[in-house]
1. Which cross-chain or sequence-distant (5 or more) residues have an amide H under 5 Å from the amide H of His95, H modelled 1.01 Å from N in plane?
2. Only sites in a loop by DSSP and with at most 15 other Cβ atoms within 10 Å count here; which chymotrypsin sites (Phe, Trp or Tyr not before Pro) in segment 124-179 make the cut?
3. Give me the net charge of Gly186's neighbourhood, meaning all other residues with Cβ under 13 Å from the Cβ of Gly186; Lys, Arg count +1, Asp, Glu -1.
4. Mind checking which aspartates and glutamates have their Cα closer than 16 Å to the Cα of Lys104? Skip sequence neighbours fewer than 8 apart in that chain.
5. Given charges of +1 on the Cβ of Lys and Arg and -1 on the Cβ of Asp and Glu, with all other atoms neutral, how large is the dipole of segment 56-144 about its Cα centre, in debye to the nearest 20?
6. Put a dot 7 Å past each Cα toward the Cβ at Glu160 and Ile111; how far apart are the dots in nm?
7. Grab the other residues whose beta carbon is less than 11 angstrom from that of Pro73, score K and R as +1, D and E as -1, and report the net.
8. Taking the Cα-to-Cβ direction at Lys36 and at Ser101 and moving 7 Å from each Cα, how far apart do the two end points lie in nm?
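Rule-based calculations on the coordinates, nothing more; no lab input. This one's a predicted model, so the numbers in the text were calculated from it and none came from an experiment. So basically every Cβ, Gly included, is an ideal-geometry build from the backbone, and we count neighbours across all protein chains shown.
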Amino acid sequence: MRRALRLALLLAVGAACLPARPASGGVVEATVQDDKGKPVEDAVVYVAPGAGVPAARASGTATMDQWKQEFIPYVLAIEVGTAVNFPNKDNIRHHVYSFSSPKKFELPLYIGTPAAPVVFDKPGVVVLGCNIHDWMVAYVYVLPTPHFARTGADGRARIEGVPAGAHEIRVWHPRLREATEKTGRGVTVGPAPGAAAFAIGLKREWRIPRPAGSRYERND
């Protein structure tokens, strides 16, 4: 009897020491179109912070490339606390900077990859530019939530690992007319994927034109 009791206690202690299995979470499938019904690329769809949604605590890294005298991707969505590398894959120098309040920084003229990445420690929109090539523009959207995705050319995005329950889903885009806080859609996540559809108004795009005949070179 004592042996059986001792064995039961050992098994219970062993089970308590095993790491908990993380919840797989659910899925939100989103579509984003403009007010003419055309798919919107590079929109960021995300689960608004709230009950049941963990705060962003990123410790990883992301990359914003410079290639053919352009930033790639045009929109980079990251969690607060993410460190971003800015490799220059051209064989001409770039000078990356931002004057945006969530992250003001400069990476003076360089080729290759700077030694230290830039840590984005506040949420918000960070507009990137190059001091040498005025047409080079991109955006880093820093989010206070780990649940987000960026739309492809088909205007679709899939957010995985979302906690079960009712949530508010929002969308952001560099040319969005209204505040992202006003785009919220309610969605319930469970065994079946939740769905969120957005029809958004976009501002007219204005970018400094790339000079005709401008050349790029790349290090292979």
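1. Counting only residues 5 or more places away or on other chains, the set is Asn131, Ile132, His133.
2. Working: sites: Trp135, Tyr139, Tyr141, Phe148, Trp172; in loops: Trp135.
Within segment 124-179, the qualifying chymotrypsin sites (Phe, Trp or Tyr not before Pro) (loop, at most 15 other Cβ atoms within 10 Å) are Trp135.
3. Details: positive: Arg170, Arg185; negative: Glu168.
The answer is +1.
4. Candidates past the 8-residue exclusion: Asp121.
5. Working: 7 positive and 7 negative charges, 27 e Å.
In total the dipole reaches around 120 debye.
6. That separation, rounded to one decimal, is 3.9 nm.
7. Values: positive: Arg150; negative: Glu41, Asp42, Asp65, Glu70.
Its environment carries a net charge of -3.
8. Distance between label points: 3.4 nm.
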